[in-house]
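Every number here is computed from the coordinates shown, using simple stated rules; none is lab data. This is a predicted model, so every value here is computed, not measured. Note that we place each Cβ from the backbone using ideal geometry, even for glycine, and neighbour counts take in every protein chain shown.
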2 protein chains.
Amino acid sequence: MASIRDVADRAGVSIATVSRVMNRRGALSEKTIQKVQNAMKELNYQPNDLARALSGKKESKIIALLSLPLQHPFYSELITSIEECLFREGYKLLIITSFEDIMKEENCVNLVQSHMIDGLIIGGHPASERILEGSPIPIVTVEASLPEIPCVISDNNQGGIMAAKYLIAKGCRHLVHIGGDMHHESESDRRTRAFEEVCAAEHIPCTVYESTAGMLRNMDYSAVVSRMLFEHPEADGVFASSDVIAAEVIRVTGSMGIRVPDQLKVIGFDNVRMARLMNPPLTTIGQDFGELAQQTVQKILKQIHGETVEMRTVIPVTLVERQSV
Amino acid sequence: MASIRDVADRAGVSIATVSRVMNRRGALSEKTIQKVQNAMKELNYQPNDLARALSGKKESKIIALLSLPLQHPFYSELITSIEECLFREGYKLLIITSFEDIMKEENCVNLVQSHMIDGLIIGGHPASERILEGSPIPIVTVEASLPEIPCVISDNNQGGIMAAKYLIAKGCRHLVHIGGDMHHESESDRRTRAFEEVCAAEHIPCTVYESTAGMLRNMDYSAVVSRMLFEHPEADGVFASSDVIAAEVIRVTGSMGIRVPDQLKVIGFDNVRMARLMNPPLTTIGQDFGELAQQTVQKILKQIHGETVEMRTVIPVTLVERQSV
């Protein structure tokens with residue numbers, strides 16, 4: 001039986017393009033669709049629904065989620081919302097947490113290939129992109145983007161602009177930003193770039209620190225926060241690219257007797273529930289977890305039902321004023 | 001075909017007892033086992049494995065987890081550990097979050113009855129006990145206990161004793177405890193009772209406040225904390241039955257200018273990752289998430305493999321000293 005690779009070779013397109021034609025994802029030229037469909041016919045290739053129907057398998061009504069470890073509150077809150085949305089639509093959620101764990105991701109590939117799940121949601125950048133190669137089922141990424149895969153993301157660019165303008169309006173003249181791991185080109189890097197651009201336009205000095213994947217895994221940012229405070233004692237404002245990083249800034253400055261917000265203003269990103277519980281309560285850029293989840297689930301379901309979906313959906317963020325700025 | 005209820009009626013025992021015989025759970029008298037097995041033979045009742053074998057269904061290698069919403073960090077950290085343990089054993093985790101949602105629990109019953117999952121883990125007290133009635137598959141509860149179901153719990157009694165002795169040793173003479181929702185008789189109530197007993201023995205006054213299910217759902221304990229501080233301005237030590245409640249105590253006292261630990265000492269329970277990030281970092285009674293997960297998974301797998309399991313496994317807790325006491 002012909003494989004998806006045979007179809008791609010015959011049509012002279014990539015495997016990803018064949019997958020997009022099969023799953024009716026995004027913008028495709030009529031010519032490309034025709035080429036792929038012709039190749040399928042010539043090779044007697046059985047696309048997804050048909051193959052499943054022939055093999056006698058029904059929809060499993062299970063969606064899998066490959067995610068970063070959910071002790072990180074951004075992921076646990078997002079996943080709670082996704083599970084609730086899926087439940088309302090009659091689907092169940094299978095969770096695979098992975099932190100750059102190729103073995104687990106391979107396992108996920110097997111799930112996808114075996115038709116044991118109806119769709120896959122990816123939160124965070126996978127270590128291997130093999131998971132995506134000619135996938136026979138719908139895939140959506142959330143707060144991450146991968147070539148040829150529909151995604152749902154927060155307006156990180158707008159969030160970076162809001163954070164910079166707010167700190168400057170509150171009188172900050174020496175800014176610091178602590179960003180995520182910038183090893184992969186990630187969507188959240190947009191927060192950093194937008195923040196830097198506003199600072200440059202306003203002639204406010206701004207230093208960017210990068211955290212590592214290990215810090216994210218252990219939820220321990222003390223090393224980068226201590227270094228930042230040592231190297232920039234003149235800093236009067238910090239934009240942290242997650243509320244967990246902001247919590248670490250508040251904790252370390254508290255232990256050094258630096259008062260937030262009088263001596264140092266701190267703004268976070270995410271608006272997880274623990275943000276309200278910090279001392280002082282954290283001012284932050286809020287992501288709309290309910291809307292991120294809703295749009296992600298709609299994108300998976302539309303693909304399952306053979307409808308076309310937009311490649312990129314951007315959800316607005318909001319400034320949540322509390323007492324750390 | 002005979003149902004499990006028919007077997008129970010014929011043998012003159014409860015459905016739960018038939019289920020225990022089928023799944024080889026806990027202590028059963030030889031006489032009971034014999035009665036149930038005779039009833040099964042007489043009615044030609046097909047227990048689990050055999051019924052599954054006859055119906056041609058294989059193990060799904062999926063374990064479902066019915067849990068409280070996982071934005072609560074105790075649940076997200078426990079679930080991360082359980083998922084990791086299951087993965088190492090070749091199983092996947094299906095998550096159903098429920099907050100006293102009967103509809104979702106009914107859905108879970110269907111999953112169980114349909115043999116779509118090989119086992120069920122319950123974290124937190126379900127709203128309906130129908131889920132357990134004559135369940136044809138292995139069930140384990142974690143940090144909760146239900147009649148006739150094997151459980152894995154932390155040593156909550158020891159935790160309550162440690163918290164009381166530690167606060168008293170640090171000089172506290174007016175203690176307050178903020179406990180969970182005591183509507184259901186829950187395992188975590190042992191923390192409260194043990195704390196009260198030590199205070200009584202040491203002749204230290206102690207007032208107990210109860211939080212509500214709504215506070216847990218919203219992770220907002222400000223009402224009970226404010227009331228406690230208003231009614232007991234003389235309090236010099238608080239034992240909070242979760243780190244999230246402790247965070248609220250630190251936040252509210254911070255906003256009132258009360259210094260922790262100088263004027264008020266605060267000890268939590270759980271040792272979730274955010275405990276280290278509080279300002280000041282939280283002293284707490286640590287639960288061993290890895291061991292809770294490991295024992296829970298072992299108990300499910302042993303039942304799947306037809307082995308007998310202990311009804312109750314208690315995991316030690318530890319005092320984690322930071323800077324809030």
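General observations
- Spatially close Lys pairs in chain A, defined by Cα atoms under 17 Å apart and a spacing of eight or more places or different chains, total 9.
- Its Cα centre serving as origin, the range B:100-255 has a Cβ charge dipole (Lys and Arg +1, Asp and Glu -1) of approximately 500 debye.
- Among B:66-75, A:296-305, sorting by the average number of other beta carbon atoms lying within 10 angstrom of each residue, highest first, gives B:66-75, A:296-305.
- Counts of other chain beta carbons within 10 angstrom of each beta carbon in peptide B:95-107 average 2.
- Rounded to 0.05, the FRET efficiency of the B:Glu307 and B:Ala201 pair, given R0 = 60 Å and the Cβ-Cβ distance, is 0.90.
- Calculated FRET efficiency for the pair B:Ser226/A:Lys31, C-beta based, R₀ 45 Å, to 0.05: 0.10
- Dipole of chain B computed with +1 at Lys/Arg Cβ and -1 at Asp/Glu Cβ about the Cα centre; of B:Tyr91, B:Leu66, B:Ser154, farthest Cα towards the positive end is B:Tyr91.
- Estimated 222 nm signal from helices in chain A, with DSSP H stretches of n ≥ 4 weighted -39500 (n - 2.57), rounded to 500: -13000 deg cm²/dmol
- Using a 7 Å Cα-to-Cβ projection, A:Thr207 label spacings across copies, nm, ascending: 4.8
- Estimated inter-spin distance, B:Ile102 and A:Asn38, nm [label 7 Å along Cα→Cβ]: 6.2 nm
- Taking chain B as a whole, the Cys residues whose C-beta sits 4.7 Å or farther from every other Cys C-beta are B:Cys85, B:Cys108, B:Cys151, B:Cys172.
- Once divided by 2.2 N^0.38 Å, the Cα radius of gyration of the protein assembly as shown becomes 1.05.
- Average beta carbon contacts from partner chains per residue of B:244-254, 10 Å cutoff: 3
- D (Stokes-Einstein, µm²/s), Kirkwood Cα radius, chain B, 0.890 mPa s at 25 °C: 116 µm²/s
- Residue mean of other protein chain beta carbons inside 10 Å, B:273-283: 6
- Rounded, prolate or oblate (a/c below 1.5 giving rounded, otherwise prolate when a/b exceeds b/c) for the range A:160-294 by Cα gyration tensor: rounded
- Percentage relative contact order, the range A:156-286, counting C-alpha pairs under 8 Å, at least six apart: 26 percent
- Structural descriptor for chain A: relative contact order 19 percent, calculated from alpha carbon pairs under 8 angstrom and at least 6 residues apart.
- Taking the label point 7 Å along Cα→Cβ, A:Met311 and its counterparts in the other copies are spaced 6.2 nm apart, in ascending order.
- In this structure, the amide hydrogen of A:Gly237, modeled 1.01 Å from its nitrogen in the peptide plane, lies closer than 5 angstrom to those of A:His174, A:Val176, A:Lys265, counting only residues at least 5 positions away or on a different chain.
- Debye, to nearest 20: dipole size of chain A, +1 on Lys, Arg Cβ, -1 on Asp, Glu Cβ: 660 debye
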